[in-house]
1. Against the condition in a loop (DSSP other than H, G, I, E, B) and without any contact (Cβ under 8 Å) to a residue 60 or more places away in the chain, how does R57 come out, does it pass?
2. Please work out if A66 is modelled with pLDDT of 90 or more, surrounded by 16 or more Cβ atoms within 10 Å (Cβ to Cβ) and of a type outside the set (S, T, N, Q).
3. For the structure I just gave you, tell me whether L72 is part of a helix (DSSP H, G or I), at negative phi and touching a residue at least 24 places away in the same chain (Cβ under 8 Å).
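The values are calculated or read from the model by the stated rules, or taken from the named source; none is laboratory data. Remember, predicted model here, so these are calculated numbers, not experimental data. A quick note on method: Cβ atoms are made from the backbone with ideal geometry, for glycine too, and the neighbour counts reach across all protein chains shown.
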Amino acid sequence: MGSGKELTPHLRGRILGMKESGKTDRQIAEAVHLKVSTVKPTLRCLILQPEGISQPRSGRPHITDARTNRRLLFIVKRNPDATYPKIREDLGVKLSDSTIYRILQNFHMEQWIKK
């Protein structure tokens, strides 16, 4: 698959409408200024895309859940002088320094922790 821009739901709807009105894939491609190789998979995948919205992408699952993140934030707020080993001990979960830092960074709290 290509790495071009994703089609908008509006454009997908236009493609579907043209197909339902009897236009060929080539005519649709010319009308919306896309390649036929983009139009064909779009029409094929419209069954999987309700309202023209893309399916979520797969990816690696998160290591921590919302509860663990809240506990981590609580530990750091309660003891801002804690080091990474102390946080890991209090949290009871095996996480790397970079994972702890990334979670704190997502909550704009990376400055709270001692290195």
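1. Details: in a loop (DSSP other than H, G, I, E, B): yes; without any contact (Cβ under 8 Å) to a residue 60 or more places away in the chain: yes.
Yes, satisfied.
2. Working: modelled with pLDDT of 90 or more: yes; surrounded by 16 or more Cβ atoms within 10 Å (Cβ to Cβ): no; of a type outside the set (S, T, N, Q): yes.
For A66, the condition - modelled with pLDDT of 90 or more, surrounded by 16 or more Cβ atoms within 10 Å (Cβ to Cβ) and of a type outside the set (S, T, N, Q) - is not met.
3. Values: part of a helix (DSSP H, G or I): yes; at negative phi: yes; touching a residue at least 24 places away in the same chain (Cβ under 8 Å): yes.
Spelling it out, L72 is indeed part of a helix (DSSP H, G or I), at negative phi and touching a residue at least 24 places away in the same chain (Cβ under 8 Å).
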